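For reference, the structure discussed in these notes is given below.
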There are 2 protein chains.
Amino acid sequence: MTASVPADLDAYLTENNDRIHDELYEFLRIPSVSARSEHKVDTARAAEWVLQSLRKAGLTAETHATSGHPIVLGEWRTAGKGAPTVLIYGHYDVQPVEPLELWSSPPFEPTVRGGKIYARGAVDDKGQLFLHIKALEAHIATRGNLPVNIIFLAEGEEEVGSDNLAGFIEKHAKELRTDAVVISDSSMFAPGLPSLLFSLRGLAYFQVDVEGPKSDLHSGSYGGAVVNPAMALARMLATLHDADARVAIPRFYDKVREWGDVVRTQIRELPFSDSEFREETGSPALGGEKGYSTLERIWTRPTCEVNGLLSGYTGEGAKTVLPAKAMAKVSCRLVPDQDPEEIGRLMQAHLDSVAPKGVTVKVMHLHGGRPWKAEPAGPLFDAARAALSAAFGREPVLAGEGGSIPVVGDFERILGAPVLLMGFGLPGENAHAPDEWLSDENFVKGMRAIAVLWEEIGTRLGTGS
Amino acid sequence: MTASVPADLDAYLTENNDRIHDELYEFLRIPSVSARSEHKVDTARAAEWVLQSLRKAGLTAETHATSGHPIVLGEWRTAGKGAPTVLIYGHYDVQPVEPLELWSSPPFEPTVRGGKIYARGAVDDKGQLFLHIKALEAHIATRGNLPVNIIFLAEGEEEVGSDNLAGFIEKHAKELRTDAVVISDSSMFAPGLPSLLFSLRGLAYFQVDVEGPKSDLHSGSYGGAVVNPAMALARMLATLHDADARVAIPRFYDKVREWGDVVRTQIRELPFSDSEFREETGSPALGGEKGYSTLERIWTRPTCEVNGLLSGYTGEGAKTVLPAKAMAKVSCRLVPDQDPEEIGRLMQAHLDSVAPKGVTVKVMHLHGGRPWKAEPAGPLFDAARAALSAAFGREPVLAGEGGSIPVVGDFERILGAPVLLMGFGLPGENAHAPDEWLSDENFVKGMRAIAVLWEEIGTRLGTGS
């Protein structure tokens, strides 16, 4: 079953390697931070860039305005009778870049160091979206056609909750009808070890605002008699876990599906070292829910994390202030079959129940996404195995993913098509942190894997002409 | 014993009222924020302003450089044989002004609304320091002399811990020898109710830095297996109090002196309403240590407060980051006989003992000051009673103060002289918060009270000529 990369496609990608990289860098230079209103124009510019790139590859393409950032839709419909249709999904928006001072090179000036392409969006997801476009271009340029019909869908709101995507898919369900959805927005388990994902965690993200006095007070003149919102917040956050690092929100685990021994055994057999993982993060020691391994904690168990804290005086030196308010960003990673809306209600009820007298607590549910679990078998999975084997020279492993791609569930639910998650990131890639990078080797091999994937899907899912 | 304000002094202050106010506003316009390096020049400018103001009043004066902000020393040594000497202490530095957007008028543009002079430093302490200069000026201008010898000491580091003051007093103990120290840097118990302070709380201020991974991580790819520093910090802060809002640091209360029934009874007899106090702060409800009234909590009990929190993502919207670090500013108000250094050691030991594995915790002791307790009797106190009665038309009450003036203890210890704390602030004055104000009525009456005080001290403490 070990296919190889066809010589003509490989030659095309090799000959055009420098130009392809230059184009990628151009794409990465656009600061398409979807969360920030000051980058609205840049985000629109990134959409336009994707549009033109699809057209240059040979697809028809157009931009669809939404109430947020636009959706770009490209199409190739002439694969021939009996050819299957594949929807490719990716996103052209990126995470905010702060704290800027921790970047070794500017986030929007792609810089290659040690085989890594450093830039915000390099791996999440511009680089992976772009390699799909180049794989399509390789087919069309060398052969004049593709072995599959293609729907290429790129959105600009993945990092802010994909608010307009599900509605768009629902509205255009007929035009978007497809045999499979392919997404490259995830990581391989290790360098040289191509991976297919069988699970994703969902997300429920909250902002918690605690308010006390109407303005900051002198901590001497009022301290001891006025309830301190920062202290109240800390005490409330401390109730989110028990001593075994289990989430202590009542009924939080009610819908959590325990994974069977087969999956747990397979996870244990992956080449993984706690001490290397610890070293990669720089943490003094690992931690987490009692009774589970590191990979189980990340792939199969839900979490509750503080993502941000702000209250009172945070500058240089000392200011003896009793803060008027305190804010926390709190988010839960979810696993099947937890539901983000239900977790939102449980979080609200729990925080209400532990809020002390003397402060008011507001919980805003900022966004969420469902967890997902694949059936790792059948012709689509076989096609992916073959494609990855051809490009990387070895069989892929099955892996879980701790992050969330909320749209995966939407695609399955609305279009009724299976989703294939094959990503080319790597551990330590800093996807949402300073110094985000994409392995150049994975970028180059990823284009080839995807080029082979269209052949394999054409053969395995096609009904013949 | 109800003296009245001598007609000549009263007339002088009345005739010069507009000019005196203009001078005060000029002083308040100088942004002498001692905590901020960018205001170093402004702080020096405020020292120079005080120097010139003392000279204009008729005193000799000079500036003493320190390793921080300068100390201004003014003198009047010709009160005559047998006249007592009084040291006046005040500070010309002010608190930072953030958050700027909560000020109704710019912090360094004094604005009078409803009988209140709004500006940073209006009450803490520029306005109160300045009224002393004007009381001196009234005597010298109308009578050519003062009934007491004066040492006027103004520092510029009160808001950052008075690091250089104790050393200065020790070095110059001989020149600073005095019969009494008078400080106006506190508040009256209520409008129209002049007050003499019998206690101050001390302070021990810390910055707590919790560090985990070497950079911010994706909360999906790492969350659940890497210890979250923001959550660790919240859990540590939550251990600082028990369920009764008592500080839970082991041995924290060992040195706390319980106040006797006499003081507790007197405190209960003061005109005070919990509901008005609550309304003034805007808090939904009051709180604090079980078993004590609001005034007891503020005046007689120690506290532990969070003054600031910062970690991870704090901007608009959602960012799914597992923060690399988290910071809290934490301070304890202390009561006799707690010692700030000892409390620092107890805090360090406690935080070390509750720090979870997976993070490193650093505790910096930023600054501290001892608590203080006066003996409210004797000729100095009697002089103060008479002066306040003359200016305000009623006997002062004894009151405690929840804030800290660390130098009070230093003066008593080094100079061996009793300290008189008579301040002209009012509840709700926002001393360390936006919209700080000084009652104009108290400013005007305060100048008169201090002018009478020199007469009363001259009579009661002088040894005759």
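Values in this text are rule-based calculations from the coordinates and carry no lab data. Quick caveat, the model's predicted, so the values are computed rather than measured. As a convention, Cβ positions derive from the backbone with ideal geometry for all residues, glycine included, and neighbour counts pool all protein chains shown.
Here is the link list: A:Lys325/B:Lys325; A:Lys56/A:Lys134; A:Lys357/B:Lys325; A:Lys325/A:Lys357; A:Lys40/B:Lys319. Which ones come out longer than 19 Å on Cα distance? Checking Cα-Cα distances, A:Lys325/B:Lys325; A:Lys357/B:Lys325 exceed 19 Å. In chain A, Rg over Rh equals 1.00, where Rg is the alpha-carbon radius of gyration and Rh the Kirkwood radius from pairwise Cα distances.
Taken one residue at a time, the phi angles of the stretch B:63-74 give Karplus couplings (6.51, -1.76, 1.60, θ = phi - 60°) of 9, 10, 5, 10, 6, x, 8, x, 9, 9, 10, x Hz. Gly and Pro are set to x. Averaging 1/r over every pair of different alpha carbons in the stretch B:6-161 and inverting the result gives a Kirkwood radius of 16.3 Å. When B:Glu342, B:Glu137 are arranged by Cβ crowding within 10 Å, least crowded first, meaning fewest neighbours, the order is B:Glu342, B:Glu137. For B:Asp337, the distances from its label point to the matching points in the remaining copies are 6.8 nm, ordered from shortest, with each point set 7 Å beyond Cα toward Cβ. By the Kirkwood approach, averaging reciprocal distances over each pair of separate Cα atoms, the stretch A:256-386 gets a hydrodynamic radius of 18.8 Å. Helix hunt in chain B: which complete DSSP H runs extend at least 20 Å axially by C-alpha with mean Kyte-Doolittle at least 0.0? Within chain B the helices that satisfy the rule are B:126-143, B:440-461. Largest first, the three principal axis extents of the alpha carbons in the protein assembly as shown are 123, 48, 46 Å in whole numbers. Sequence-distant contacts, meaning Cα pairs under 8 Å at least 6 residues apart, place the relative contact order of the stretch A:21-103 at 29 percent. The HN-Hα couplings worked out from phi for the stretch B:208-214 by the Karplus form 6.51 cos²θ - 1.76 cosθ + 1.60 (θ = phi - 60°) are 10, 10, 10, 10, x, x, 6 Hz, whole numbers, x standing for Gly and Pro. Secondary structure note: in the protein assembly as shown, about 70% of the DSSP beta bridges are antiparallel. Across the stretch B:239-256, computed HN-Hα scalar couplings (Karplus, 6.51 cos²θ - 1.76 cosθ + 1.60, θ = phi - 60°) run 7, 6, 10, 9, 5, 9, 6, 7, 5, 9, 6, x, 6, 4, 8, 3, 9, 6 Hz from first to last residue, x flagging Gly and Pro. Residue order for B:Val262, B:Val363, fewest other beta carbons within 10 angstrom first, comes to B:Val262, B:Val363. Counting charges near A:Leu203 (Lys, Arg +1; Asp, Glu -1) among other residues having Cβ under 11 Å from its Cβ returns a value of +2. Mean sequence separation of contacting Cα pairs (under 8 Å, at least six apart), scaled by the length of chain A, corresponds to a relative contact order of 27 percent. Taking amide H positions as modeled 1.01 Å from N, with prolines and chain starts lacking one, the residues under 5 Å from A:Asn307 and 5 or more places away or on another chain are A:Lys329, A:Val330, A:Ser331.
Comment: the Cα-to-Cβ extended label point of A:His21, at 7 Å, lies 7.3 nm from its counterparts in the other copies, nearest first. The DSSP beta bridges internal to chain B are antiparallel in roughly 70% of cases. Remark: mean inter-chain Cβ contacts per residue of A:425-432 equal 4, using a 10 Å Cβ-Cβ cutoff to other protein chain atoms. Mean projected area of the Cα convex hull of the stretch A:307-355, taken over all directions, amounts to 4.8 nm². Exposure proxy for A:Thr360, B:Thr300, A:Thr14, B:Thr85: other Cβ atoms within 10 Å of each Cβ, ordered fewest to most, give A:Thr14, A:Thr360, B:Thr85, B:Thr300. Close amide H pairs (under 5 Å, H built 1.01 Å from N) link B:Thr66 with B:Ile71, residues at least 5 positions away or on another chain.
Largest first and in whole Å, the equivalent-ellipsoid semi-axes of the stretch A:85-207 read 27, 22, 15, each the square root of five times a Cα gyration tensor eigenvalue. Histogrammed with a bin width of 10 Å, the alpha carbon distances of the stretch A:147-245 distribute as 9, 22, 22, 18, 15, 10, 3, 0 percent, first bin at zero. When only the Cβ of Lys, Arg, Asp and Glu is charged (+1, +1, -1, -1), the dipole of chain A relative to its Cα centre reaches about 780 debye. List the relative contact order of the stretch B:369-465 as a percent without decimals, with contacts defined as Cα pairs under 8 Å and 6+ residues apart. Averaging sequence separation for qualifying contacts and normalising by length gives 40 percent for the stretch B:369-465.
Placing a label point 7 Å from the Cα of B:Thr63 along the Cα-to-Cβ direction, the distances to the matching points in the other copies come to 5.9 nm, shortest first.
Adding -39500 (n - 2.57) for every DSSP H run of four residues or longer, then dividing by how many residues the protein assembly as shown holds, sets the calculated 222 nm ellipticity at -10500 deg cm²/dmol. Other residues whose C-beta falls under 11 angstrom from the C-beta of B:Ala141 contribute a net charge of 0, scoring Lys and Arg +1 and Asp and Glu -1.
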